[in-house]
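Step one of this worksheet: look at the structure below.
The values are calculated or read from the model by the stated rules, or taken from the named source; none is laboratory data. Since this is a predicted model, take the numbers as computed values, not measurements. Note that each Cβ is placed from the backbone with ideal geometry, even for glycine, and that neighbours are counted across all protein chains shown. Areas reflect the complete protein model, heavy atoms only, side chains present, ligands, DNA and RNA absent. Shrake-Rupley method; radii C 1.70, N 1.55, O 1.52, S 1.80 Å.
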Amino acid sequence: MAEIQTPTPRDAFELLMAGNRRFVSGASEHPNQDAARRAETAPSQQPFAVLFGCSDSRLAAEIIFDRGLGDLFVVRTAGHVAGAEVLGSIEFGVSVLDAPLVVVLGHDSCGAVAAACSALEDGKTPGGFVRDVVERVTPSVVAARAAGRETAEEILAEHIEQTVDLLLERSRVLAERVADGRLGMVGLSYRLADGSAQLVAARGLDAVLLTAS
């Protein structure tokens, strides 16, 4: 499989989605997972994308996008909620490792989103630090409902898009690279049953062309 040595944001997105299409169709190639790749990446890494996703055990990035060692710089939290450590990790992947793409990956049947919906409906929130996760997801649920978006799919899409915009609002590093064309940011919604990743948000890339790809 041909690889692009210095991918643009669009190149990186297409590499990622090509891998997901292989995974969905049952034709995964498992690239960059052999001893040669292990030796090649031991001295340094040059991932083509930073992937910020939910910690859900069914959302293993390298599997669902059919990638291997050194391809993806992965950051994961429950409900893909973003604190300072997450922002620092994403900025490291972009500013130090020079990845041209940042992906926010959410999925259906997300427990954090469901818990936030339940908390708004019955006023009950989980204890411990799980409460913090739910509270960080809640603004997305409120925004979705205020816009008349009531279905689980619509609320999830809102949360993914809100996360993309939050990263851009809080990180000057990301915002400047998107503005000058060096970085693309996308939000993807993953369907657990069929394994497909659907585009729900794009920044720094042509959203119309991406939707058609």
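Data for the structure
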{"item": "Heavy atoms of GLU29: accessible area, 1.4 Å probe, square angstrom to 10", "result": "100"}
{"item": "Relative contact order, percent, the chain [alpha-carbon distance under 8 Å, six or more residues apart]", "result": "21"}
{"item": "Label-point separation, ASP98 to PHE129 (7 Å along Cα→Cβ), nm", "result": "3.5"}
{"item": "ALA146-ASP180 pseudo-label distance in nm [points 7 Å out on the Cα-to-Cβ vector]", "result": "3.4"}
{"item": "In Å, descending, principal axis extents of the Cα set of the stretch 32-129", "result": "54, 25, 23"}
{"item": "Cα-projected label distance for SER25 with ILE4, points at 7 Å along beta-carbon direction, nm", "result": "1.9"}
{"item": "Overall Cα dimensions of the stretch 29-78, principal axis frame, Å, largest first", "result": "33, 22, 14"}
{"item": "Calculated P(r) tail over 17 Å for the stretch 120-163, as whole % of Cα pairs", "result": "33"}
{"item": "Percentage of interatomic Cα-Cα distances in the stretch 110-213 larger than 23 Å", "result": "37"}
{"item": "Taking the stretch 130-213 and dividing mean pair separation by its residue count, relative contact order in percent (alpha carbons under 8 Å, at least six apart)", "result": "20"}
{"item": "Per-pair calculated FRET efficiency, R0 = 45 Å: THR41 and LEU120 via Cβ, rounded to 0.05", "result": "0.50"}
{"item": "In order through the stretch 142-154: 3J(HN,Hα) via Karplus (6.51 cos²θ - 1.76 cosθ + 1.60), integer Hz, x for Gly, Pro", "result": "4, 5, 4, 5, 5, 8, x, 9, 10, 6, 4, 5, 5"}
{"item": "Antiparallel %, DSSP beta bridges [both residues in the chain], to 5", "result": "25"}
{"item": "Estimated 222 nm signal from helices in the chain, with DSSP H stretches of n ≥ 4 weighted -39500 (n - 2.57), rounded to 500", "result": "-14000 deg cm²/dmol"}
{"item": "Relative contact order of the stretch 48-164, defined on C-alpha pairs under 8 angstrom at six or more residues apart (%)", "result": "27"}
{"item": "Tail beyond 14 Å, pair distance distribution of the stretch 160-201 (Cα, percent)", "result": "53"}
{"item": "Probe 1.4 Å - accessible area at GLU85, Å² to nearest ten", "result": "140"}
